[in-house]
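Here the structure is laid out as structure tokens; the discussion comes afterwards.
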Amino acid sequence: FQEVGDIIGSARNNLDEFNPQHLSNIAWAYATADESQPKLFKKIADHIIALHNLDEFYPQQLSNIVWAYATAKESHPKLFEKLAGHIIALDNLSEFEPQHLSNIAWAYATAMESHPKLFEKLADSAIKSQNEFNSQNIANYLWACATNAHIDQHVFSSFAPFVKTHIGECNPQFLSNIGWAYAVANVAAPSLFNDEFINACLKHEDEFKIKQLSQLHQWHLWQEEFNACLEKEDEFVLEDLSQFHQWQLWQDELKSNIRLPPSLQEKCYEAFISRVPSPSALQNDVISELTSIGLQPEEEVLTEIGYRLDALVEVSGKKIGIEVDGPHHFLGRKPTGSTILKHRQVTNLDRIPVVSVPYWEWNKLRKDSGKKQQYLRSLLDLR
């Protein structure tokens, strides 16, 4: 692998003799074998980008290519943009199988490449062909939509009854991905999240990994959010009340308060809080400036429901959480599904409003402490 990769990656000639099947097979093989070959991946990507069009590429080849780059963690935004543009321009995706659709969505989410129009195109086709999805296709596709913060309520609502029929086939990863995805999307799914879902989780209780248990903890918190929101009833606008009426109907339809059993709850919580805090230089800089404006920030605060806040300050007698959100919290300038879920659940369940300090806004202030302090005063509405 190493020798062949070096030859292809370092060759002076272009790849004109390689057809789409060759290119996709090579990328797929190196990604599957977990063989690091940055030069090879760059050469293939540059070649594809330079092509006039991608009309000779079949769905399987397009799917394999983006999957390979995401799996190999080879970042190449222009390649992802080129392939997305091609797929969006197609009249329809009738030749794309469920695996192609889910793999493409998974690849863009994993590579942290935001492309809303691509996800819209995939969604239309996914809904039409959902009856052909297997449990892996379902879990990967819904996880990708949630991760990419493509929250299409129609997609999640349409898939729920079909997902229910596959719950018995789901392994621990699929169960946790599906639960987490619906928690991010915040779409009620009474036909899906019932005793059958709980029993499927219990069946695999000893098989869940730490990340999967953490996702289930967030799903469990989602079940708690409705009751927490009821205490804010005087603040609801008409649209909110309509949505909460649907939530109430969901609760009535379930005829039970769906919760994880205590033993599994405890495992999920312990997994969720097990991450060791690792403050970034960006975070430390923000903390320093918060102190400079007279606040006393608490750092890496563990909230009651298990989230860690970068900082907690008190302003006019009110606790406010501050999240210093670096690049991994965003897809472009759009918050990821994980970021959205954290901010929402801390606000609704811990009753701590959360404000975000996006990395690009802070970096724009450079080393000007005066501007940084003014920024924080404005953010926290300090007089």
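Once the 1.4 Å probe is applied to the protein heavy atoms, segment 274-383 comes out at 52 Å² accessible per residue.
Given a cut-off of under 8 Å on Cα pairs at least six residues apart, what relative contact order in percent is computed for the chain?
Numbers: 461 pairs, mean separation 42.5, N = 383.
With pairs under 8 Å counted, the relative contact order is 11 percent.
Per residue, how big is the convex hull around the C-alpha atoms of segment 254-383? Give it to me in cubic angstrom, could you? Walk me through the numbers before you get to the answer.
Values: hull volume 17.4 nm³, N = 130.
Considering the Cα atoms of segment 254-383, their hull volume per residue is 134 Å³.
For the cross-link pairs Lys209/Lys334; Lys78/Lys371; Lys128/Lys164; Lys39/Lys73; Lys117/Lys211; Lys82/Lys211, the ones whose C-alpha atoms lie over 25 Å apart are Lys209/Lys334; Lys78/Lys371; Lys117/Lys211; Lys82/Lys211. Here the Karplus relation 6.51 cos²θ - 1.76 cosθ + 1.60, evaluated at θ = phi - 60°, turns the backbone of segment 373-379 into coupling constants of 5, 5, 4, 5, 4, 5, 4 Hz, with x for every Gly and Pro.
To the nearest ten degrees, helix 77-89 and the longest principal axis of the Cα atoms of the chain are 80 degrees apart. Diffusion coefficient of segment 272-321 by Stokes-Einstein, Kirkwood radius over Cα pairs, 10 °C, 1.306 mPa s: 137 µm²/s. Computed per residue of the chain from DSSP H runs no shorter than four, each worth -39500 (n - 2.57), the mean residue ellipticity at 222 nm is -18000 deg cm²/dmol. Between His154 and Asn284, the modelled label-to-label distance comes to 4.9 nm, taking each label 7 Å out from Cα in the direction of the beta carbon. Our Cα-only numbers for the chain put the radius of gyration and Dmax at 23.1, 69 Å.
Considering only protein heavy atoms and a probe of 1.4 Å, how much of the accessible area of the chain is carbon and sulfur, as a whole percent? Here it works out to 49 percent.
Pair-distance distribution P(r) for segment 80-158, from all Cα-Cα distances in 10 Å bins starting at 0: 20, 60, 20, 0 percent. Please determine, in degrees from 0 to 90 and to the nearest 10, the orientation of helix 238-254 with respect to the longest principal axis defined by the Cα atoms of the chain, where the helix direction is its Cα long axis. Its long axis makes an angle of about 80 degrees.
Per residue and in Å³, how big is the convex hull formed by the alpha-carbon atoms of segment 132-179? Provide the component values of the computation, followed by the final result.
Values: hull volume 3.2 nm³, N = 48.
So the per-residue hull volume is 67 Å³.
Between 0 and 90 degrees, the angle of helix 262-272 with respect to the longest Cα principal axis of the chain falls at about 70 degrees. Applying 1/(1 + (r/R0)^6) with r as the Cβ-Cβ distance of Asp368 and Val315 and R0 = 22 angstrom yields a FRET efficiency of 0.45. When the alpha carbon gyration tensor of segment 48-102 is reduced to an equivalent ellipsoid, the three semi-axes, largest first, read 18, 15, 9 Å.
The values are calculated or read from the model by the stated rules, or taken from the named source; none is laboratory data. Remember, predicted model here, so these are calculated numbers, not experimental data. Virtual Cβ from ideal backbone geometry, glycine too; neighbours counted across all protein chains shown. The area values use the complete protein model at the heavy-atom level, side chains included, leaving out ligands, DNA and RNA. Shrake-Rupley method; radii C 1.70, N 1.55, O 1.52, S 1.80 Å.
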